[in-house]
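**Student:** Please find one structure pasted underneath; my questions will follow.
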Amino acid sequence: MDNITILSPGIYTYGAMLIGGVLRDAGHRVTLTRTATAPPAGSLLLMSLFSTQHLLDPEIRNLIRTHRAGGGTVYVGGPVSAAPEMVLGELAPDAVVVGEGEETVVRLVEEGVSDTLPGIAFLDGDQVIVTPPAPPAPIDRPLPLIPDDIGSQSIRGASAYIETHRGCIGGCTFCQVPRFFGRMIRSRPLADIIEEVEAFAARGATRLSVSGGTGSLYGSLDGEMDPEAFVALLRGMAGVMGPRNVSSPDIRVDCITDEVLDAIRQYTIGWVFFGIESGSDRVLRLMGKGVTVREVAEAVERCREHDLKVAGSFIVGYPGETERDYEATKDLIASLCLDDVFVSSAEPIPGTPLADLVVRTPREKNPAFVPHTGEYRPLDLTESEARCFDLMMHADMYRPQIRLITDEVYSAYLSEAKKQGRDIRAATDLILRYARSRE
Ligand code: SF4
């Protein structure tokens, strides 16, 4: 039996809790933490990393270096494993668990690094060895390792986003989900999910959310939705948590039915969250969104008919987005009058088509780097940052209840837009560096 620390920086992700449960049931003593403190010297540290920024984080880099220097072992897994050579190059762990790691991680912990173990990457001298991919992990698995303080966590209001199914039928160019989990939907048995919801409730979780961008695809087969399965899922979750403590926010605009919307109203907090992204059909096509602005407007209208609140997320600064496209997004926000709006600049995630596009886009044409020359020029922003900042303020003017832009709100939006800009440029530089090293 090994003593294993799993670090999930900042938040307990579902993936980290899941791997914790798998290792616990394999007989290991597992501690799950969200703070980057040093584990016992010489022990095994597993890092579950979900953001490109983690690869650049000095605290994480330092922790790995000192832990290994003290005789400990470090394995890295999670969404960053989509680019294993980048993880090895930046963090220098003992190995990377590539892709769905539930089975691989147990073998890695018990057998150690080997080129006969599928689904890992490691360095042999300067050479990156990536073993053949492991088959997709089985969808039935043990209960996650749920920390005692899970109730203190709030991710958009939820203690945790539980995984009800894997995969997405969509092909959005900026999204990692279909690349990581595939485009076929694999749904977990309802009884297993409900048992898990009960376990979370017993540990003090205050609200649970259905994870992923495709909530209503739960139970679907061969791309065909099964609304009854989704209704049963929400009913079952609400039966344990109470409807005020369940949310099912993320849904594609082309994956709603009257039954689905009625169930969201009856068994959840009554919000729908759409990834709308843009008010320009041209940009939606560039993004591979697979829906039109018209379908977006119809879906929002339909939600309102079912008495639901609607939030939307938007992406600005996508390579190729023109001023005209951006104005179309502003017009759409004005006409939809959404209950809440989230704005982000286009972030290239390694392994996605957007990352490939960014590699092919000259810096002087990439809005993340082009200096803004319009009305916010004195603020020294890039075009992406200016649009991000502008759209956050614009959206506030078109909510059902207008939100005043105080000096405080103005500063918060400006600093958020700038932070996103910095992070995206750092991620882009990283992606470019590794793309060039492959040439
Ligand atoms: S629909 Fe959502 S989860 Fe699916 S590919 Fe698009 S953004 Fe990703």
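The values are calculated or read from the model by the stated rules, or taken from the named source; none is laboratory data. Small disclaimer: the values here were computed from a predicted structure and weren't measured. As a convention, Cβ positions derive from the backbone with ideal geometry for all residues, glycine included, and neighbour counts pool all protein chains shown. Calculation scope for accessible area: heavy atoms of the full protein, side chains included, ligands and nucleic acids excluded. Shrake-Rupley method; radii C 1.70, N 1.55, O 1.52, S 1.80 Å.
**Student:** With the requirement that a residue be surrounded by fewer than 23 Cβ atoms within 10 Å (Cβ to Cβ) and not aromatic (Phe, Trp, Tyr), what does the stretch 262-274 give you?
**Tutor:** Selection gives Asp262, Arg265, Gln266, Ile269, Gly270.
**Student:** Quick check on this structure: which one of Arg425, Arg436 is modelled with pLDDT under 95, part of a helix (DSSP H, G or I) and of a type in the set (D, E, K, R)? Break it down stepwise before answering.
**Tutor:** Working: Arg425 fails: modelled with pLDDT under 95.
After ruling out the rest, the residue left standing is Arg436.
**Student:** Just to check your reading of the model, which residue among Val130, Val177 is in contact (Cβ under 8 Å) with a residue 24 or more places away in the chain and under 18 Å from Val87 (Cα atoms)?
**Tutor:** Numbers: Val177 fails: under 18 Å from Val87 (Cα atoms).
Exactly one of Val130, Val177 is in contact (Cβ under 8 Å) with a residue 24 or more places away in the chain and under 18 Å from Val87 (Cα atoms), namely Val130.
**Student:** Being within 16 Å of the ligand (Cβ to nearest atom) and open to solvent by 20 Å² or more (accessible area, probe 1.4 Å) is the requirement here; does Met225 meet it? Break it down stepwise before answering.
**Tutor:** Numbers: within 16 Å of the ligand (Cβ to nearest atom): yes; open to solvent by 20 Å² or more (accessible area, probe 1.4 Å): yes.
Considered against the rule, which asks whether it is within 16 Å of the ligand (Cβ to nearest atom) and open to solvent by 20 Å² or more (accessible area, probe 1.4 Å), Met225 comes out as yes.
**Student:** Hey, another quick one. Of all residues being among the hydrophobic types (A, V, I, L, M, F, W, C), free of Cβ contacts under 8 Å to residues at least 60 places away in the same chain and closer than 22 Å to Pro133 by Cβ in the stretch 180-198, which is surrounded by the fewest Cβ atoms within 10 Å (Cβ to Cβ)? Just the residue, please.
**Tutor:** In this case the residue turns out to be Met184.
**Student:** Among the residues that make up the stretch 155-170, is at least one of them open to solvent by less than 30 Å² (accessible area, probe 1.4 Å), in a loop (DSSP other than H, G, I, E, B) and acidic (Asp, Glu)?
**Tutor:** Yes, that holds for at least one residue.
**Student:** Would you point out the residue of the stretch 234-283, among those that are closer than 17 Å to Ser220 by Cβ, in a loop (DSSP other than H, G, I, E, B) and in contact with a strand residue (DSSP E or B) (Cβ under 6 Å, 6 or more places away or on another chain), that is farthest from the ligand (Cβ to nearest atom)?
**Tutor:** Ranking the qualifying residues of the stretch 234-283, first place goes to Ser248.
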